[in-house]
Amino acid sequence: MTFFNSSPFVLLLGSLAFPFVPQSAERKPVETSEAVVNYAAPPATLEGLAQLSSAVIVGRIAGADAQAEWENRGYAVSTNYQVSITEVLKLHPQLPVVGTVVTVKRMGGDFDAGDRLVRGVEHGFPQFSIGKTYLLFLHWNQAKATFEVRAGPNGAYRVSNGILESDGRAPVANQQKGRRLDSVLAELKTVIPG
């Protein structure tokens, strides 16, 4: 499956675990697949990442809904995360206002297929945790009419006690790890027009 505008290409392979399991599906057999996603290389700086992003927000993960599409090798699982927006740093026409919810699509997740649980796992980019807050650099995928994370794990930052954490390995992600959210937001406000 191909996504446009630097969105990921997904191929389902091997197997792994994923922590997001609906309670009703816990006792079902689990069919696991690896979602291999090739993201476009992120820019080297926070300013560059912000400029390439369609929208930049801070939000809390309020819910998730997984779905699966059959492909020639098996199911391609994706999850639509409902993100409650607490701050908008870069506005996009499709982005709702602060205090409302935006949907962000990610590859992977757990899909209840009735007789089994289909689990898609993306190495190096764990699924979002419900109730956690994130700084997200988003890309508007016009073909799918949805927001996706720009640059994969390099465009998503968990906020823990006001400090940024990231699974990204690119220089831009490494530079943000351990920084205070308020400091990063202040920097972004100086580089994002508005």
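We did not get these values from a lab; they are worked out from the coordinates using the rules stated. Everything numeric in this text was worked out from a predicted model, so none of it was measured. All Cβ positions, even for glycine, are placed from backbone atoms using ideal geometry, and neighbour counts span all protein chains on display.
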| message | How much of the DSSP bridge set in the chain is antiparallel, in percent, rounded to the nearest 5? | response | 85 percent
| When the convex hull of the C-alpha atoms of the range 10-191 is computed, what volume per residue in Å³ does it have? | 118 Å³
| said: Once R0 is set to 30 Å, what does the formula 1/(1 + (r/R0)^6) return for the Cβ-Cβ distance between Val30 and Glu87, expressed as a FRET efficiency to the nearest 0.05? | reply: 0.20
| query | When Lys and Arg each count +1 and Asp and Glu each count -1, what net charge do the other residues less than 13 Å away from Glu47, Cβ to Cβ, add up to? | reply | +1
| What angle do you read, to the nearest 10 degrees and between 0 and 90, between the alpha-carbon axis of helix 181-191 and the longest principal axis of the chain? | 60 degrees
| request: Determine the sum of side-chain charges near Asn154: Lys and Arg each +1, Asp and Glu each -1, restricted to other residues whose C-beta is under 10 angstrom from that of Asn154. | output: +1
| note | The lysines whose Cα lies under 16 Å from the Cα of Lys105, excluding any fewer than 8 residues away in the same chain, are Lys144
| Extension gain, Gln94 back to Ser129 (0.36 nm per residue minus Cα-Cα distance, nm) | 10.2 nm
| So in the range 84-194, what percent of DSSP beta bridges are antiparallel if you round to the nearest 5? | 90 percent
| request: Please list, in chain and number order, the residues 5+ apart from Lys132 or on another chain whose amide H is under 5 Å from its amide H, with Hs placed from the backbone. | output: Ile61
